1. Go through the residues of segment 213-228 one by one and say whether even a single one is surrounded by fewer than 17 Cβ atoms within 10 Å (Cβ to Cβ) and in contact with a strand residue (DSSP E or B) (Cβ under 9 Å, 6 or more places away or on another chain).
2. Just need a number here: residues in segment 178-219 that are more than 22 Å from I89 (Cβ to Cβ) and part of a helix (DSSP H, G or I).
3. For residues that are in a helix (DSSP H, G or I) and more than 22 Å from T338 (Cα to Cα), scanning just segment 252-290, find the one that is nearest to the chain's Cα centre (by Cα).
4. Quick one: count up the residues across segment 166-191 that are under 21 Å from T86 (Cβ atoms) and surrounded by fewer than 19 Cβ atoms within 10 Å (Cβ to Cβ).
Amino acid sequence: MEDYRRRPFEKVVRHQIGVRRRSLQMSGRSNIVPRWKTPLYGLALAFLTIILIGTLLLMLPVSSSSGLTTNFLDSLFTSTSATLVTGLIVVDTSDHWSNFGQFIILLLIQIGGLGYVTGLAVILIASGRKVSLNQRKSLRLVFGGGRLGKIDLEAKNILLYSLMIQLIGAVLLSLYFILNEFDITESSWNGIFHAISAFQNAGFDITSGNSISTYRSNGFVVTTITLLSFLGATGFNALFALIIVRKWRPLNLDLKLVIFGSFIVAVLGFLGILISEWNNPLTFANIPVSQKLLDSFSLAIGGRTSGFTTIPMSELRDYTLFLLAFLMAIGGAAGSMTGGIKLGVFMIMIFTIWSTLKGRVGTVAFRKEIPEPQVRRAFSIVALAFLYINLSSLLLSLLEEQPFIEILFEIVSAFGLVGLSTGITPELSILGKILLIISMFIGRLLPIYIALELARRERNPLYRFPQEDVRIG
């Protein structure tokens, strides 16, 4: 039987909503924006355009070392991997591609790695236009903080400092190659390519096709590339804070979460890899302790973000692969060159669980309470990422005859834009490669979708429904 006592209330609410909508429309302040005008769709369209242009260029005979046309799928896969700074490959970068093809890959890495924030900075520098308030809010969400009034200036600083760091890395690596291996031209090209690939966390290499395993015992090369990867994955707000502020107390909550999370994840990853591989005869068992420490350090940093590693993934134990998959899913900081769910999201999840266990109503971290909408968005990113990784791993296991841990590892590597591989990627079927391409694209856009699109849609409600408890235990 209908409850007539509720009808007056519902009529009043509908009337208030109608009045609110009409007033917004009459005042010209309606927040309804066409989807194709939102930052997310513009970003997706930009990535698609760059990927397609890169695919066509890589298909040219001049792009391959053999002088033959590369097939569409391999070109598309390589272009997607380079543009989305992943590093997964289906053909060997050093052998298959000519110098022109490698230059195209490097150009795609640089354009894709600069991404949304610094891409806008280039436009600002070229045109001198001011950034609107909505654009500033969007930039701050992707950038990982910053003041609204100076967010465009900070975006320009990202561009300048990123180029400076890459230049320093290129000079260091080039000098090493000149003094020890190649002539000036080849050494300069190798230094520039690997400095950009490491800082952008792309993971492409043109020395041997085995990442940096050739330089496994060379502390200078391994440390330089690992530090470049770390700088690219940390985010510039955190780097500026460490360089300029150098004090913990004045930092805002976002920077504290990133810095603390980077330290905790790096240390736990280092110790986990060191312990799990200590007695593995294929990796650590027969090498000095100093080499074990260097390998663990490189894999804990590069294995989480850039994909540069001194050890073939096929030689690692299964539980080490699972640990690396966990690290790859976390990724780097917001506004950095990396993928994954991001360090800030991971730390929000950890502090929410900790606050719940302590009986607190809100999420508290470093004596600050995190707004509830951000907590919901963070858990949405984690839940959607977990759901996609599991479903796509299940689908790929149905398509391919490969061990499940290796399939899971490839999916997480693609989703996290890392590029580590157990070696099965070139052996995948057409559908398997297409699934990895989709995974790379979703891994790049999913966190931005939650940060930008859902934040844009959130509105203060005119009314709230009654609360009622449900059983959860």
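Each reported figure results from applying straightforward, stated rules to the coordinates on display, with no laboratory input. This is a predicted model, so every value here is computed, not measured. Reconstructed Cβ throughout: ideal geometry from the backbone, glycine too, with neighbour counts over all protein chains shown.
1. Within segment 213-228 (the criterion being surrounded by fewer than 17 Cβ atoms within 10 Å (Cβ to Cβ) and in contact with a strand residue (DSSP E or B) (Cβ under 9 Å, 6 or more places away or on another chain)), the answer is no, since none of the residues qualifies.
2. Residues flagged as more than 22 Å from I89 (Cβ to Cβ) and part of a helix (DSSP H, G or I) within segment 178-219 amount to 8.
3. So in segment 252-290, the residues in a helix (DSSP H, G or I) come out as 253-277, 289-290.
The next check asks that each one be more than 22 Å from T338 (Cα to Cα); those that pass are 271, 274-277, 289-290.
Details: L271: 23, L274: 25, I275: 27, S276: 26, E277: 26, V289: 32, S290: 30 Å.
Ranking the qualifying residues of segment 252-290, first place goes to L271.
4. Residues that pass the stated criteria total 0.
Residue-wise test of (1) surrounded by fewer than 18 Cβ atoms within 10 Å (Cβ to Cβ); (2) in contact with a helix residue (DSSP H, G or I) (Cβ under 9 Å, 6 or more places away or on another chain).
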| residue | (1), (2) |
| --- | --- |
| A365 | no, yes |
| E400 | no, yes |
| S429 | yes, yes |
| N460 | yes, no |
| D469 | yes, no |
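Rundown of residues vs (1) surrounded by 12 or more Cβ atoms within 10 Å (Cβ to Cβ); (2) without any contact (Cβ under 8 Å) to a residue 60 or more places away in the chain, yes/no style:
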site	(1), (2)
V375	yes, yes
I407	yes, yes
S413	yes, no
S421	yes, no
I437	yes, no
I442	yes, yes
F465	no, yes
